[in-house]
Amino acid sequence: MKTLFIDTSTVNLIVGFSDNEKNVYLDIQIGKNNHSDHLLNSIKKGLSENNLSVKDFDRIIVGIGPGAYTGLRVSLTVAKMFSWTLNIPMYTISSLDVFVTGLNTDGIYLIHTKAKKDHVYAKVISYINNEYKTLREEEFMEYSKFLEISKEYDYKEILDEEKYYFNHININEKLLTKVTDVTFIEPNYLRGEM
């Protein structure tokens, strides 16, 4: 099964192509609110290098958020366009779960990505025997609150946009949600009062 993976919810622009358990193409770029300038070029580059077209993919996986407003809209718009025009099934994955798709060591992991004004998007998961379990649901919070929450867990690591375990080749199907109607799917902005 050929899969196109894209996520632009954080400073990391991620584009990956896989064919079953084989890596075909992976591009991770660090950006500054400019993913819209680079996403399509990265996809085109991968297609050209591998003699592929978008219609060759059997599914599309896109990071749904939480994350940056514009970044979320960029990747979701591209995924929706490809899915709708080429009738390719689309799946979403939490952009926080993107950072744990390559885990291979059991433990509790705290995950956070930057939001605005000293806030973060965060969640807590356990990974035991290849099984993911959410211990604390996704939240938008002050970074200081995240630090307090971290004291409640005997965690293995804190993961963020610089330290993560990403693997687009073998994403656990339990982390995915199939989109039944691409016209109504919206990003998970997960914003609270500031």
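The values are calculated or read from the model by the stated rules, or taken from the named source; none is laboratory data. Given the structure is predicted, the values throughout are model-derived calculations rather than measurements. Methodologically, a virtual Cβ is constructed for each residue, glycine included, from the backbone with ideal geometry; neighbour enumeration extends over all protein chains shown.
One table, with the values for the structure above:
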quantity	calculated
Strands (runs of 3 or more DSSP E) contained in the stretch 1-56 and holding at least 1 residues without any contact (Cβ under 8 Å) to a residue 24 or more places away in the chain and over 19 Å from Val74 (Cβ atoms)	12-19
Residue within the stretch 124-131 that is surrounded by 20 or more Cβ atoms within 10 Å (Cβ to Cβ) and either among the charged types (D, E, K, R) or not assigned by TED's automatic domain parsing to the domain that holds Leu40 (or both) present	yes
Count of the stretch 100-112 residues which are at pLDDT below 95 and either touching a Ser or Thr at 6+ places or on another chain (Cβ under 9 Å) or part of a helix (DSSP H, G or I) (or both)	0
Filtered residue count, the stretch 149-177, keeping only those that are in a loop (DSSP other than H, G, I, E, B) and among the hydrophobic types (A, V, I, L, M, F, W, C)	3
Selection status of Ile88, assigned to a loop (DSSP other than H, G, I, E, B), of a type in the set (A, V, I, L, M, F, W, C) and surrounded by 17 or more Cβ atoms within 10 Å (Cβ to Cβ)	yes
Test result for Gly71, small (Gly, Ala, Ser) and either farther than 16 Å from Tyr189 by Cβ or out of contact with any helix residue (DSSP H, G or I) (no Cβ under 8 Å at 6 or more places or on another chain) (or both)	no
Pair list, Cβ under 9 Å, 6 or more apart: the stretch 166-194 residue closer than 30 Å to Lys117 by Cα and at pLDDT below 90, other residue charged (D, E, K, R) and surrounded by 15 or more Cβ atoms within 10 Å (Cβ to Cβ)	Leu190/Glu138; Leu190/Glu139; Gly192/Glu139
